[in-house]
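The values are calculated or read from the model by the stated rules, or taken from the named source; none is laboratory data. Nothing here was measured: the structure is a model prediction, and the numbers come from that model. Please note: Cβ atoms are built from the backbone with ideal geometry, for glycine as well, and neighbour counts cover all protein chains shown. All accessible areas refer to the heavy atoms of the entire protein, side chains included, with ligands and DNA or RNA removed. Shrake-Rupley method; radii C 1.70, N 1.55, O 1.52, S 1.80 Å.
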Amino acid sequence: MVTPEQHSDVIQAVSSSPLTGSRLRQFAMERLDALPDYDWSGIYRLEGNDLLLDAFVGADTDHVRIPVGVGVCGTAVAQDANQLIEDVRELANYLACSVSTRSEIVVLIRKNGEILGQIDIDSHRVGAFDDSDESLLEQLAELLAQRWRDQD
Ligand code: SME
């Protein structure tokens, strides 16, 4: 859950940043990491049939390349739909980033209808995310899409 104030702080910081591409994505993930319950904040970039780990803040993960259809991340692309998971322990198709993760949200980044990638957030708390997080991440995804480049 994010408050309206936290929402506008993140959007304001990212929209007023002069950065572009992966530097802007890293900056945005640092802002998200400062929010309560955002224990791992990252971006995956879609390249062909794989999601590649791009900018992130949090523990290193083995999941640097995820095929479309696999895990929560790959399911978002396969279904062309954001994913909001209350408790990852109830999922069969799940790739564990950390044994402490309990809930997860994935929001797609699109430009002109094409999927560029996604924002993926993990929390150590069950049910940490709701519509307020989805709304923030959707607005952030739009800002990142507007200044998208594969690199900097
Ligand atoms: N949990 C994700 C994998 C990415 S890590 O959380 C960083 C999934 O199931 O696709």
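In terms of packing, defined here as the mean over residues of other Cβ atoms within 10 angstrom, the peptides 2-15, 100-113 line up highest first as 100-113, 2-15. By accessible area, using a 1.4 Å probe on protein heavy atoms only, the chain has 46% of its surface on carbon and sulfur. Please give me the summed charge of the neighbours of GLY48: other residues whose Cβ is under 14 Å from its Cβ, Lys and Arg +1, Asp and Glu -1. Around GLY48, the charge tally is -2.
Over all directions, average the projected area of the Cα convex hull of the range 27-98 and note it in nm².
Details: hull surface 20.1 nm².
So the Cα hull casts an average projection of 5.0 nm².
Taking N as the residue count of the chain, its C-alpha radius of gyration divided by 2.2 N^0.38 Å amounts to 0.94.
Quick one: Cα convex hull volume of the range 1-63, Å³ per residue?
Working: hull volume 6.1 nm³, N = 63.
Enclosed volume per residue, from the Cα hull, is 97 Å³.
Residues whose amide H comes within less than 5 Å of that of ARG110, counting only those at least five positions distant or on another chain, are LEU116 (H built at 1.01 Å from N in the peptide plane). Dipole of the chain computed with +1 at Lys/Arg Cβ and -1 at Asp/Glu Cβ about the Cα centre; of GLY127, VAL2, THR61, farthest Cα towards the positive end is THR61. Across the range 46-135, the convex hull enclosing all Cα atoms gives 97 Å³ per residue. For VAL88, neighbours were defined as the other residues whose beta-carbon sits under 10 Å from its Cβ, and their charges (Lys and Arg +1, Asp and Glu -1) total -3.
In square angstrom, what is the accessible area per residue of the range 16-152 with a 1.4 angstrom probe? Walk me through the numbers on the way to the answer.
Values: 6390 Å² over 137 residues.
Value for the range 16-152: 47 Å² per residue.
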